[in-house]
1. Select from region 228-254 the residues that are closer than 18 Å to residue 196 by Cα and surrounded by 19 or more Cβ atoms within 10 Å (Cβ to Cβ) and list them in ascending order.
2. Say whether the condition of being closer than 30 Å to residue 151 by Cβ, free of Cβ contacts under 8 Å to residues at least 24 places away in the same chain, in the same structural domain as residue 167 (by TED's automatic domain parsing) and under 26 Å from the mean Cα position of the chain (by Cα) is met by at least one residue in region 234-243.
3. Just checking, how many residues over region 184-196 are within 12 Å of residue 243 (Cα to Cα) and in contact (Cβ under 8 Å) with a residue 60 or more places away in the chain?
4. Looking at region 5-14, is at least one residue farther than 29 Å from residue 139 by Cβ and either out of contact with any helix residue (DSSP H, G or I) (no Cβ under 9 Å at 6 or more places or on another chain) or modelled with pLDDT of 75 or more (or both)?
5. Taking region 178-192, which residues are assigned to a loop (DSSP other than H, G, I, E, B) and under 11 Å from residue 236 (Cα atoms)?
6. Say whether the condition of being farther than 15 Å from residue 35 by Cβ, in contact with a strand residue (DSSP E or B) (Cβ under 6 Å, 6 or more places away or on another chain) and not assigned by TED's automatic domain parsing to the domain that holds residue 86 is met by at least one residue in region 130-146.
7. Find the residue count for region 260-278, including only residues that are under 24 Å from the mean Cα position of the chain (by Cα) and either surrounded by fewer than 17 Cβ atoms within 10 Å (Cβ to Cβ) or farther than 21 Å from residue 177 by Cα (or both).
8. Hey, any hits in region 109-120 for a residue that's surrounded by fewer than 19 Cβ atoms within 10 Å (Cβ to Cβ) and either closer than 16 Å to residue 27 by Cβ or at pLDDT 80 or above (or both)?
């Protein structure tokens, strides 16, 4: 069966129209929303083709899959594997309409463009390559996520930057090339740990407003971990500290937990730790 015939049958299943209603083709992508919808369909279509339609010389597997997608948009039938897969895809498309493209309520879902991208990905008629589609999706969604995080937690970032800018001018505070700041309370005389050493430490961690989020001191039990198994700010500082040292670390968000939400530690949070390096474990 020719590729265009397969696609036409698929659209007939999706749209309930004649087999000539729509074929693989090149839609007009007028804006970012159009491009995201089309790329979402195409990237998924190409992946499905690779795993499920790799030996579909007659087009029968393709038709079963597209029938399942159509059924998934309507009812929940009990069919063979590919129809079940298609049903799940169809149900997912309905959720995209309800919840926004890729779960983002700010992005309008265009089912027709997703369908076209899906079909083009399945049949190999690609306005953009699958790699380009996936890259576009990843890059754009990351940018949108970063924008959302900035809108929600940007005050944390700005407060941290202001704190560090003022703190670095204080007596005894050292700022490294990475932006890490530290102040020596006590300089030990022991060995400095390497990147892969396990160390025993006591620590007391707070936000810049003084909120305590973790403290081995309060628990009364030192912590043991590998130097390269913690946040970047700790990894850098520990390799500068001789055993027996006690320092205060002022860690920018990008050397801490970045944009992750860690409960008491919200995205973009600058952290302060009082750290005492008790020893290097063997």
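1. Of everything in region 228-254, those that are closer than 18 Å to residue 196 by Cα and surrounded by 19 or more Cβ atoms within 10 Å (Cβ to Cβ) turn out to be 233, 234, 236, 237, 238, 241.
2. Within region 234-243 (the criterion being closer than 30 Å to residue 151 by Cβ, free of Cβ contacts under 8 Å to residues at least 24 places away in the same chain, in the same structural domain as residue 167 (by TED's automatic domain parsing) and under 26 Å from the mean Cα position of the chain (by Cα)), the answer is no, since none of the residues qualifies.
3. Qualifying residue count, region 184-196: 5.
4. yes
5. Selection gives 178, 179, 180.
6. no
7. Total satisfying the criteria: 8.
8. yes
The values are calculated or read from the model by the stated rules, or taken from the named source; none is laboratory data. Keep in mind that this is a model prediction, so the values were computed, not measured. For neighbour counting, all protein chains shown are included, and Cβ atoms are generated from backbone atoms with ideal geometry for every residue, glycine included.
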